[in-house]
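See structure below.
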Amino acid sequence: MRVLVVDDEPLARLRLRTLIESLESPRVATLAEAGDADSALAALQAAPADVVLLDIGLPGRDGLRFAPALQSLPVPPLVVFVTAHAEHALRAFELQALDYLTKPVKRERLQAALQRAAQQLALARGLATPTPLEPVLVVSERGRVLRVPVREVLVLKAEQKYVTMRTATQAFVLDDSLLDLERRLGPGFVRVHRSALVAVAAIRALQPHATGDEADGWAVRVAPLDEWLPVSRRQLGAVRAAMEGG
């Protein structure tokens with residue numbers, strides 16, 4: 001595997017090089033460096049790389065603006081963003097980044113990213129059998145970037161300016177709209193009323209359930225939260241159909 005490290009800080013490049021050279025797996029055949037986007041592009045045109053470890057805070061054209069240019073190369077490399085800031089993660093994954101590492105980069109995280117790259121390269125070359133990728137939602141929390149498996153998501157509720165996502169043990173705040181999330185998540189989730197989506201697999205019961213607004217209303221019980229969420233009359237048929245359809 002051929003790797004190009006792009007970072008304007010020599011010490012950051014040295015750290016990545018040292019970490020890569022310490023890895024027994026995956027094996028890196030060549031390891032090159034560049035300090036800015038133009039130098040990186042020239043290096044790739046002279047000697048293509050399989051993976052680019054790309055800093056975002058580059059002088060001139062930053063990593064987020066440079067990444068799309070890599071797709072115009074005859075053989076586009078896989079991109080792993082490396083940055084000191086977590087807030088660009090959502091944009092990075094929109095650019096089809098393989099991974100997003102925050103500085104100081106840990107050896108285990110770097111190894112995991114390069115192993116994923118090696119697997120994708122093997123698939124592209126017909127040397128491995130593809131394994132289904134588990135769908136995830138990428139969220140930012142307290143400076144961390146987390147990949148939450150969709151199978152763990154139970155409820156999404158629209159608040160005034162954001163969406164709260166619940167799993168069995170945690171709650172996260174998302175900037176996405178509920179409508180956009182509904183389209184992305186697909187038929188595994190059902191809208192129970194205008195401001196809430198529920199994982200169909202988490203619904204344990206649908207029954208009449210009085211609320212403060214409607215004495216003859218309906219609600220679903222969501223496990224393992226063991227909470228009741230109101231169901232609007234407009235969505236009642238869709239909820240029934242989702243439950244009956246599994």
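Annotations
- Residue match in segment 137-154 (condition: more than 26 Å from Ala219 (Cα to Cα), modelled with pLDDT of 85 or more and either over 16 Å from the mean Cα position of the chain (by Cα) or β-branched (Val, Ile, Thr) (or both)): yes
- Strands (runs of 3 or more DSSP E) enclosed by segment 20-98 - at least 2 residues per element that are of a type in the set (Lys, Arg) and touching a Gly at 6+ places or on another chain (Cβ under 8 Å): none
- Boolean, Thr169 is under 30 Å from Lys106 (Cβ atoms), among the polar types (S, T, N, Q), under 28 Å from the mean Cα position of the chain (by Cα) and not in a strand (DSSP E or B): yes
- Within the set Ala124, Ala113, the sole residue that is within 15 Å of Asp50 (Cα to Cα) and under 16 Å from the mean Cα position of the chain (by Cα) turns out to be Ala113.
- For segment 20-38, a residue qualifies if it is surrounded by fewer than 17 Cβ atoms within 10 Å (Cβ to Cβ) and either farther than 19 Å from Pro77 by Cα or out of contact with any strand residue (DSSP E or B) (no Cβ under 7 Å at 6 or more places or on another chain) (or both), and the qualifying residues are Glu21, Ser22, Leu23, Glu24, Ser25, Arg27, Asp38.
- When Gln96 is tested against (1) loosely packed, with under 14 Cβ neighbours inside 10 Å; (2) farther than 29 Å from Thr167 by Cα, exactly one condition is not met: (2).
- Cβ pairs under 9 Å, 6+ apart, first in segment 131-158 and over 19 Å from Glu94 (Cβ atoms) and of a type in the set (Lys, Arg), second modelled with pLDDT of 85 or more and in a strand (DSSP E or B): Arg151/Ala199; Lys157/Val163; Lys157/Thr164; Lys157/Met165; Lys157/Arg166; Lys157/Ala196; Lys157/Leu197; Lys157/Leu229
The values are calculated or read from the model by the stated rules, or taken from the named source; none is laboratory data. Everything numeric here is computed off the predicted structure, so don't read it as measured data. Don't worry about glycine lacking a Cβ; one is built from the backbone with ideal geometry, like all the others, and counts go over all protein chains shown.
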